[in-house]
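Structure, as structure tokens:
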Amino acid sequence: IIDEEETQFMSNCPVAVTESTPRRRTRIQVFWTAPPTGTGCVILKASIVQKRIIYFQDEGSLTKKICEQDSASEGVTDKPILDCCACGTAKYRLTFYGNWSEKTHPKDFPRRTNHWSAIIGSSHSKNYILWEYGGYASEGVKQVAELGSPVKMEEEIRQQSDEVLTVIKAKAQWPAWQPLNVRAAPSAEFSVDRHRHLMSFLTMLGPSPDWNVGLSAEDLCTKDCGWVQKVVQDLIPWDAGTDSGVTYESPNKPTVPQEKIRPLTSLDHPQSPFYDPEGGSIKLVARVVIERIARKGEQCNIVPDNIDDIVADLAPEEKEEDDTPETCIYSNWSPWSACSSSTCEKGKRMRQRMLKAQLDLSVPCPDTQDFQPCMGPGCSDEDGSTCMMSDWITWSPCSVSCGMGTRSRERYVKQFPEDGSMCKVPTEETEKCIVNEECSPSSCLVTEWGEWDECSASCGTGMKRRHRMIKMTPADGSMCKAETTEAEKCMMPECHTIPCLLSPWSEWSDCSVTCGKGMRTRQRMLKSAAELGDCNEELEQAEKCMLPECPIDCELTEWSQWSECNTSCGKGHMIRTRMIKIEPQFGGTACPETVQRSKCRVRKCLRGPGMEKRRWKEAREKRRSEQAKKNIDSEQYPVCRLKPWTAWTECSTLCGGGIQERYMMVKKRSKSTHFTSCKDKKELRACNVHPC
């Protein structure tokens, strides 16, 4: 206290400071002492009391949050987890407020695909850790971090059933940010007890390589053997150490070997959307608020609640908004059905809607059925009061284990009357209970009946069951005759309100061919319960599909024989050609060359005045030798006679290199099998070799 004339401690709440004199003022002053290093943040709250109503703000000028330097930057979770001494159980509500948007984080913000994945976590003991800084991500954490899928993580949590009390789940958010008056912040409720007094959760910031936010092993048990009233924690993203991407939409790049989980910093990489060359702190992307909403069973702490309890209990609960994703198109809700209870016992009523379209299959669509507790005509849970009350908490255990005792249950005030008056609605009620009516040595001791299971039918008449356990068999050694299971009928709203509930159509399958014409199919599934009646809607559709035409490669004939040399003496060239049989189409392989040239060399050309005369003489001698050879052949093989050469055929092309052919046919063939050289002859030569 700085000035005792102006300021004093509240007599009924020692941790709070109030005014000393009831006069108008704008401020009070105090000294305060920072907690030890590693304790966390300090929150200073101011409240204005008027007509017994406490006005406050979680944000703004009436609340100031002061934090020490972020210890998370060291990269290791280093907070000792102590044994819990609290009694009973406590129920909490986790609310997640995303603050990641193009306005707050403009660099490379993914406009079309930004989202928070489904929240997954649990309340657990210190023997099981979901994730922690300086540790390695499990396969479940990896799938949340890289894919946004909570399935494997939930499987890992449920495998630790002895160490886990509640699995925490909340739906994904597409897009990542919307005003609270458009979409309510996602929330989930969970419980803790002395053994399982920690809570952890995580959710992926998507799209991203492997970036998440969350809490790890948050202890909700106080040193004074009580339960924490409220936790408010701002969150920065952390890297799961399984992918080495540096931007929101980096391609997959597995980190080998896997690295430890660490918080992201502003100096990780120049291309990072959180990069700051000055090394400042990363701008917060989310806030999580964990509020205690109820306590159950006998509590053993004797320290009174502080001002936070009062503030939290008086806070009006936000109206639940429709959190249906924009990618899910529904029909309007049907009217509420009649209540399944005609008495003042609690029952249920139901309404339904039809899912017309699911625009994004990666975003799950909420249920098409909605249930609400109700009671019969003339019954009221409000008792005519304007107080807003919570539902009753489950009955406490019976005060005795044998015979007649008492049990109680509680509820709390959600909102006080606007006129500032006190609530007169009871917040606790007690009733008699009987456990093990016979307390003789021949009777066995059993527990109380558990809660009724859900009705086996979603509409119409079904069955519900409840169970109890045998605590001790009869002392005289006889058999225990007590029933451990009890069943009774339950009535749900009438069936046939919507006789046919179908899942959305799946994506079309791939075309049955890789090119050209084929078929593709898609399916949907029947979601209606069997008792809702038959459904004649088609469950599979097929349609034709057309892919680009299949490519046709070029096809050619075989090469022709080489032509004669184009000179009679000296250096020249000869050619050979081939023809195009099929032109390439639709991206097929192009045609290679169709004409090839090769050098050739004939005898040296003679030069001088007698050159022409010598040529004639040599040609005459050549003709004589050929004629002599023919005569010899005729004498040796008188039965093989050939017709003269035919004329050359027309050129096969007008330009670009073609071929001509001529033939010499056998006039008379020998009948001897030893004579094989007597056959038809064929000659080829190039023609029209000039370019087209």
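Summed over the residues of region 117-187 and divided among them, the accessible surface reaches 45 Å² per residue at a probe radius of 1.4 Å.
Approximating the spin labels as points 7 Å out from Cα along Cα→Cβ, the TYR136-to-PHE109 distance works out to 3.8 nm. Here the gap between TRP333 and SER512, fully extended at 0.36 nm per residue and compared with their Cα-Cα distance, gives a gain of 60.4 nm.
Listed by chain and number, the lysines whose C-alpha is less than 20 Å from the C-alpha of LYS107, apart from same-chain residues fewer than 8 away, are LYS283. First measure r as the distance between the Cβ atoms of ARG93 and ALA475, then evaluate 1/(1 + (r/R0)^6) with R0 = 30 Å and state the FRET efficiency to the nearest 0.05. Rounded to the nearest 0.05, the efficiency is 0.05.
Excluding residues fewer than 8 places away in the same chain, name every one of the lysines whose C-alpha is closer than 25 Å to that of LYS346. Here the lysines satisfying the reach criterion relative to LYS346 are LYS91, LYS296, LYS319, LYS414, LYS424, LYS432, LYS464, LYS489. May I ask for the net charge around GLU583, where only other residues with Cβ less than 11 Å from the Cβ of GLU583 are counted and Lys, Arg are +1 while Asp, Glu are -1? Surrounding charge for GLU583 is -1. Ordered by 1.4 Å accessible area with all protein chains kept, CYS84, CYS480 run largest first as CYS480, CYS84. Only residues of region 641-670 count here: report those whose backbone N is under 14 Å from the spot 7 Å along Cα→Cβ of LYS681, or say none. Zone members listed by number: 641-647, 662-668. Straight-line reach from LYS667: taking Cα to Cα under 21 Å and skipping same-chain neighbours fewer than 8 places apart, the lysines in range are LYS629, LYS630, LYS643, LYS679, LYS681, LYS682. As an exercise, use a Förster radius of 35 Å and the Cβ-Cβ distance of SER399 and SER11 to find the FRET efficiency, rounded to the nearest 0.05. Working from the Cβ atoms, E equals 0.55. Quick check: net charge around MET574, other residues with Cβ under 10 Å of its Cβ, Lys/Arg +1 and Asp/Glu -1? So the environment of MET574 carries a net charge of +3.
Sorting VAL30, VAL228 on solvent-accessible area from highest to lowest, probe radius 1.4 Å, gives VAL30, VAL228.
With all protein chains in place and a 1.4 Å probe, the accessible surface of region 89-296 carries 48 percent carbon and sulfur. Computed over neighbours whose Cβ is under 14 Å from that of HIS467, the net charge equals -2, Lys and Arg +1, Asp and Glu -1.
Among the listed pairs LYS152/LYS230; LYS64/LYS223; LYS571/LYS599, those whose Cα-Cα separation exceeds 19 Å are LYS152/LYS230; LYS64/LYS223.
The values are calculated or read from the model by the stated rules, or taken from the named source; none is laboratory data. These numbers come from a predicted model, not from an experiment. Using ideal geometry, Cβ is built from the backbone for each residue, glycine included, and neighbour counts are taken over all protein chains shown. Accessible surface is based on the protein model in full, side chains and every heavy atom, while ligands, DNA and RNA are left aside. Shrake-Rupley method; radii C 1.70, N 1.55, O 1.52, S 1.80 Å.
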